[in-house]
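A short write-up of the structure that comes next.
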Amino acid sequence: MLGAMADLAWTDGQWTNSPVDVREEDGGVLVEAREGSDAWRVTSYGFVHDSEHALVVPFPQDAAMEVDVDIDFTEQFDQAGLFIRHDDEHWIKAGLEYSDGLLQLGAVVTWPKSDWSVAPVPDWNGSRVTVRASRSGDAITVRARRGQEAWQFVRVIPVPPDAELSAGPLVCAPTRAGLQVRFTGWRLVEADASLH
């Protein structure tokens, strides 16, 4: 059983793909994404992108992972949040993405083909956002919030209970160079007690 809260160090994880630059400062980390970095498999577009920047550690059962990230997005498909990985064909990304001129909150579930769901949250741009994934039994529940506001439900995702998962902060910049994203917190905590 996990304690109430366990902060993770930026040196605890391993990158799925190395970013252009990573700098620890003021207790957080500033990550610069490579142009063209993304995670997607096949659906609708026909391509496979597995160049995301995700700093992952083991994600056990009955735990929740949270990241705090400062969102200031301006370009198509700028994105940051959490990445949850089983293998190359089975993963989840959840968080914020700038799409069609608006900041969106959503998730992509790839098992083994990608889907995509978003909802607009334009007033969250320019804010600190926490993205939370809670793992319990055969499901991962994703929530997010701006600052200390109430949690907003994003999605419930079926995942095999015995799947070996890793997870952590995610940054992608599919359409441009120079995207820098600041993460200010990363925690592994107790799983949510219930869905509602």
Self-check item: Matching residues in the stretch 153-176 - criterion: being under 16 Å from Leu188 (Cα atoms) and of a type in the set (Ser, Thr, Tyr)
Solution: Ser166
Quiz item: Being among the hydrophobic types (A, V, I, L, M, F, W, C), surrounded by 17 or more Cβ atoms within 10 Å (Cβ to Cβ), modelled with pLDDT of 95 or more and touching a Phe, Trp or Tyr at 6+ places or on another chain (Cβ under 8 Å), is that true of even one residue in the stretch 112-121?
Solution: no
Quiz item: Which number in (1) under 21 Å from Tyr98 (Cα atoms); (2) without any contact (Cβ under 8 Å) to a residue 12 or more places away in the chain marks the one condition that Glu35 misses?
Solution: (2)
Quiz item: If only one of Val69, Val20, Val42 is among the aliphatic types (A, V, I, L, M) and open to solvent by 70 Å² or more (accessible area, probe 1.4 Å), which one is it?
Solution: Val20
Practice problem: Read through the list (1) surrounded by fewer than 23 Cβ atoms within 10 Å (Cβ to Cβ); (2) more than 27 Å from Asp162 (Cα to Cα); (3) modelled with pLDDT of 95 or more; (4) not hydrophobic (A, V, I, L, M, F, W, C), then give the number of the only condition that Glu25 fails. | Solution: (3)
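The values are calculated or read from the model by the stated rules, or taken from the named source; none is laboratory data. All figures in this text were calculated on a predicted structure; none of them were measured in a lab. Cβ coordinates were reconstructed from backbone atoms using ideal geometry, including for glycine residues, and neighbour counts include every protein chain displayed. For the accessible areas, the whole protein counts, side chains as well, though only heavy atoms, and no ligand, DNA or RNA atoms are used. Shrake-Rupley method; radii C 1.70, N 1.55, O 1.52, S 1.80 Å.
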